[in-house]
Structure formats: C-alpha cells, structure tokens
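Trainee: My questions will all concern the structure given below.
The values are calculated or read from the model by the stated rules, or taken from the named source; none is laboratory data. Just so it is clear, the structure is predicted and the values come from calculations on it, not from any experiment. Neighbour counts are summed over all protein chains in view; Cβ atoms, including those assigned to glycine, are modelled from backbone coordinates with ideal geometry.
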Amino acid sequence: MSAAPLLELRGVTKRFGALLANDAIDLSLERGEVLALLGENGAGKTTLMSILFGHYVADGGEILIGGEVLPAGSPKAALDAGIGMVHQHFTLAGNLSVLDNIMLGTEPLFLPFQRRRPARERLSALMEETGLTVPLDEPAGALSIGEQQRVELLKALFRDARVLILDEPTAVLTPQQSGRLFVTLRRLAEQGLGLIFISHKLDEVMTLSGRVAVLRHGRKVMEAATASITKAELARAMVDREVAAPVMQPKAAGDPVLRLRKVSAGSGRERLHEVDLAVAGGRILGIAGVSGNGQRTLQQLVSGMLSPESGEMRLGDGPWPSGGTKDLVRRGVGRIPEDRHRDGVVGDMAVFENMALERYDTPACRRFGLLRIGAMRERAKALRERYDVRSDTIDTPTRLLSGGNMQKLILARVLEDGPGLILAAQPTRGLDVGAVAQIHGHLLEARGRGAAILLISEDLDELLAISDEISVIYRGRLAPPVARADAHLGKLGLMMAGEAADAA
C-alpha cells in the first residue's frame, strides 16, 4: 500500500452566518511537494489555512496529517503535528524582542533559564542563508510591517515543521532575496518538507510550485500540475474573467505639486537624511526599497503625521500646510496608508461611514451640526458600485471585508474628490490580480486627470508597471529618480540591498 499523504483535507466546510467561506474542499499535500493555493481576495484561502492551523473549527470535514486525524480547533495540536504557518496578518508580541518572539513556545516553561545563545546562533545562520535579516534585539512592535513579516517567516523556519504554510512570503523582499528564499524552500522540500505557498505573484507560483489549486467563492475550481497551465489560465480561474493590465498613456508633466528639499526627519533606522524629491502633476514617482529604510518616515511626512526637522516641504507654489491632517485633506492631498486595517479604516464602523471618514465636516455630510446620513448613504452606494467594493450591504462592518475590498473602499474615499496630490503606500500589498488591475487603473486615471502621485511600494513589478520614474531609498537616503524605460528589475533590486547605490 502507498503511504498516506503528508496532509489531507477531506470535505472541509466553514460558514460565517450566511456566508459559505469553504464549501466541501478536498486538498492533499505530499512530502517534498510545493503546492500553490490561489484565489482572489475573499475566496476562502485564509479561512481554509486558519482551519488547518486550528484557529477556526470547521463545520464539516476532517484534516489528516500522515494519515492521523488532526484535532480540530487547537493550534497546539497543529504545532505538535509539525504545521508551521506564516500568517498574512502578524501574531507577534510587540513588547518582546525579535529573539524572544521566535523562541516563544519552543522551550518548556520549567527550564531555569532560556537557551538563548544556541537560538541566536541558529537564527544567525538562517538569516544568512535566506537573506531575511532582522535585528534580533529590537522590540517586535518597533519594526516596520515588512520586517515583522520576516520575523514571522523566521519563526516558522526556526521550528522543525513537516508542513509549512506561507502566505505572501515575498511581499517585502528584493528579487535577489526572493531568489535566495526560493533556493532555501526548494532545499527544505528536497528534505521532505511539504510547502503550501499562497501568493498573488503568478511568476513566483510558476517558478516555485509543482501543483496549483484555485479557490473561487469558497469552492475549489481548479487543480492541476503547474507545468500544464499558463499564467493567463490561472488568472482567469481566480477571478472568472479575463484580466487585462491597464496601459499607461503618454502624459505631459505638469507643474511640481510636491517638493522636498534637503529634508531630514525621523529617528533610528527609519530616519531620512537630506532627502530631495519632486513629483509633478500627471506623473507617478515610485519609491522602491526594502521595508525599514525610511519609507515609514516619508509616508508620515507626506500624510501630515510628522514635521521635518530640517529642510523644506512645499505643496504646489506655496509652503506645506501647517494645519495638520485636516488641512492637508482640505488642500487636496489624498492618503492611501500602508496598513489599511490600522490606519485606513475603522473596522467596527459600517462601509458607508468609512467612505465618509474624511468628509464629516463638509457640507456634503453635515448641515447645522448634524450628519446627513441619507446623503452619506447615497454617496456610499454610488462609490460601492463605481469602485466594485463587494460587501453584503453598505451597513456591513468594514472589518468583515476582504483585504482587496477594504483597499478599494479606501481608494473610493480618497480618489472620488479628485485630489491633486496622492500618497499611495503599498496600495496592492496582498491583493489578487483582479484587484491589482483595478487599483492600478484607478491610479492611472488620477494620473490622466493631472494628479501627482507618490507611489511607495516594495513590489518592483508594480513600480515598473505604472511609475513614470523610480527612486530607490536605502538607509534613509533617496537616489536620484530614473525613468522607467531605463530601470530594470535586477539593478533596482541590488540598489535596494545597498549593493549598487550609484545607478539604476
């Protein structure tokens, strides 16, 4: 008799009220196999993996590891069975160091002292091997989003897992780091580790995986050997339609809208050093860089959350508004934040309320000191249709939306009033190909009407797709911009790693 699969899901079903998140899904994983799990945002991938890891209890079906039934609803049982998971949303203790976070739960509580030196040595070797460098003694809460994702990946690799689930593991890596990571993952697979790889980067799926499964609306709609299918077929299976990337049209540059001259601000690893930057109307300036090199400080400056310590910021022909974030919004600055959950929406507020968040003090939403709820609802209905925000109703709590729909809600709120300057920080992180195409289309429409767009992204493919120029930020210093036609993936990746700071 043949050996049982390393992992087997049989008829796994999960409901959240009227929503059928997973519909009788069958899936298997063999030892040494890399399985790519695809689907648009809200398709049920994260729910399925959360059931596997014990965070949710399935309403039907069962999970087997090596032929043995896995107890339901127990992360400890999943860990003991050898399941490791790098979550899309992080599970770190912010007040503990990176080293403590990684070691947490790996040693018995009754030990008189932690074995920190062997752990540090092993982690140093892992970081050198994978390129996933993080400061081991920094508090996890002080790290950027990208650095926290690297900690999650190291935490999973630190344990002796039999099954490793990776949810968008390369979202914050340079191409060179991604390549090194793939070498490591292949080596782990050759040693018998089973990998489930969740990604929206179809090039990576085609490169790394041996088999692919696609979910749509909670159902498995495709399963095939990766070598037998094309990227276009995968994209069509994910979103049930043809996906065409928007095309950049020629556009003459307008007058400068945003200018930074010798600006220094921030502290520590995110400090900016005498940054010069200019974005003209009808142009998209892309900022490339590995997370933690000053992007957060740049976002805070342009979004009005931080003032420069030295240097000058200007908006159009005048000085930078000094009245805080409310003044910025009134002056036509639109802000798409990096962390949509923390900074972009209020999760417990309804969709229609979040769509009006930055308009509460305008005549469109308030009259005689009272909110115009009817007007807010009508506007939300129109925006929901125009920007394809998929929710049950406009009264749905925003926290129940998928990542892609939450991001489209933020874009609807920001773009609808036609801001002259748009800060777009990681606008498509973790989104499916359909949502990415829609968001890029909206940004290009704003460019077409003359908006100046500062696009901060760790996805080089995104920057090369829709930027007019690209600047690389490294350790708080910004390289001169390079025209998209003169930029290429390999050189930008080296500059992001600090290996070629003089040219792109």
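Trainee: Anything in the stretch 48-81 that is touching a residue at least 60 places away in the same chain (Cβ under 8 Å) and within 16 Å of Lys14 (Cβ to Cβ)? List them, or say none.
Mentor: Leu48, Met49, Leu52, Phe53
Trainee: Moving on to the next point. Every residue in the stretch 448-496 that is surrounded by fewer than 22 Cβ atoms within 10 Å (Cβ to Cβ) and either touching a Phe, Trp or Tyr at 6+ places or on another chain (Cβ under 8 Å) or at positive phi (or both), please.
Mentor: Within the stretch 448-496, Gly450, Arg475 meet the criteria.
Trainee: Of all residues in the stretch 275-317, which are over 20 Å from Val329 (Cβ atoms) and free of Cβ contacts under 8 Å to residues at least 40 places away in the same chain?
Mentor: The one that is over 20 Å from Val329 (Cβ atoms) and free of Cβ contacts under 8 Å to residues at least 40 places away in the same chain: Ala278.
Trainee: Looking at this structure, is Glu233 within 22 Å of the chain's Cα centre (by Cα) and assigned to a helix (DSSP H, G or I)?
Mentor: So Glu233 fails the test.
Trainee: Also, I was wondering about something else. Would you mention how many residues in the stretch 427-455 are more than 13 Å from His200 (Cβ to Cβ) and not in a helix (DSSP H, G or I)?
Mentor: Within the stretch 427-455, residues that are more than 13 Å from His200 (Cβ to Cβ) and not in a helix (DSSP H, G or I) number 8.
Trainee: Determine whether Ala380 is outside any strand (DSSP E or B) and either of a type in the set (Asp, Glu) or modelled with pLDDT of 90 or more (or both).
Mentor: Yes: the conditions hold for Ala380.
Trainee: Give the residue, chosen from Ile165, Ile145, Ile196, that is modelled with pLDDT under 85, crowded, with 17+ Cβ neighbours inside 10 Å and among the hydrophobic types (A, V, I, L, M, F, W, C).
Mentor: Details: Ile165 fails: modelled with pLDDT under 85; Ile196 fails: modelled with pLDDT under 85.
Just a single option satisfies the conditions, and that option is Ile145.
Trainee: I'd like the residue in the stretch 336-353 that is over 21 Å from Asp388 (Cβ atoms) and not β-branched (Val, Ile, Thr) and, out of all such residues, is modelled with the highest pLDDT.
Mentor: So, considering only residues that are over 21 Å from Asp388 (Cβ atoms) and not β-branched (Val, Ile, Thr), the one modelled with the highest pLDDT is Asp348.
Trainee: Here's a follow-up. When you go through Glu312, Glu338 one by one, which is the residue that is of a type in the set (Asp, Glu), under 21 Å from Gly281 (Cα atoms) and not assigned by TED's automatic domain parsing to the domain that holds Ala412?
Mentor: It is Glu312.
Trainee: Let me ask something else about it. Return only the number of the condition from (1) free of Cβ contacts under 8 Å to residues at least 24 places away in the same chain; (2) crowded, with 17+ Cβ neighbours inside 10 Å that Gly404 does not satisfy.
Mentor: Just one mismatch for Gly404, condition (1).
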